[in-house]
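Visitor: The following block contains the structure, expressed as structure tokens.
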Ligand code: MN
């Protein structure tokens, strides 16, 4: 489990609710490894793409989140591998701890690499894969643009790009489908339930005004004065 050494070194498991790596490596179903995308409001809101491989989750922090538009390239910083259990972690990392802030499971599913030798693809800096999630599907690629510090896979810069296929679109999936796929909660409600910073989390949820009608008192006299017959059209 050497791959999880950096994950363990960065965290104090008596203070963070994040899962400690289990002592026994779990055999995974090689035909359908899991993937997740977590919305994480740490110092900045970002999305963490995690692909299960070889007993751990290969991880990239994507500041703007995945885009379904093939013409949009999203920066993805490679970060430390995470334990398999992390894919279903939702909650609040306390202030003062690494990655302090609220985490949501924004998407979850399975993935398949186009080329079975994933380690070789990572070394070469081009990983093509297909996602089968609740929000993200179809063909994608991660392309490395800058290597990280010598001897480390972490902090290398990659680009996450959607391939042209039936799942490609210009739809803003982050805004249209902001809720958790495992609890249907917003970041604010996850923060509230787990003792996190509700105000900070709420600032990262899309404005309620986009999905809800403004409350009565916000209506202007001019609008309420529109004749009833015309208003009904
Ligand atoms: Mn993160």
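Quick note: the coordinates plus some simple rules give every number you see, no bench work behind them. Computed from a predicted model, the values in this text were never measured in an experiment. As a convention, Cβ positions derive from the backbone with ideal geometry for all residues, glycine included, and neighbour counts pool all protein chains shown.
Visitor: What FRET efficiency do you get for residue 172 and residue 43 if R0 is 30 Å and r is their Cβ-Cβ distance, rounded to the nearest 0.05?
Guide: 0.80
Visitor: Follow-up. Could you put 205, 14 in order, starting from the residue whose Cβ has the fewest other Cβ atoms within 10 Å?
Guide: 14, 205
Visitor: Diagonalise the Cα gyration tensor of region 1-154 and give the resulting equivalent ellipsoid semi-axes, square root of 5 times each eigenvalue, largest first, whole Å.
Guide: In descending order the semi-axes read 23, 18, 16 Å.
Visitor: Let me ask something additional. Once each part is reduced to its C-alpha centroid, what is the distance from region 61-98 to region 116-184 in angstrom?
Guide: Between the Cα centre of region 61-98 and that of region 116-184, the gap is 10 Å.
Visitor: Mind ordering 60-73, 81-94 by average Cβ neighbours within 10 Å, highest first?
Guide: On the way: 60-73: 17.6, 81-94: 20.4.
Going by the mean number of other Cβ atoms within 10 Å, highest first, we get 81-94, 60-73.
Visitor: Starting from 0.36 nm per residue, how many nanometres of slack lie between residue 31 and residue 159 once their C-alpha separation is accounted for? Spell out each step's value before the answer.
Guide: Values: separation 128, 0.36 × 128 = 46.08 nm, distance 2.56 nm.
Using 0.36 nm per residue and subtracting the Cα-Cα distance, I get 43.5 nm.
Visitor: Would you mind computing, in nm to one decimal, how far apart the modelled labels at residue 15 and residue 97 are, each placed 7 Å from Cα along Cα→Cβ?
Guide: 0.9 nm
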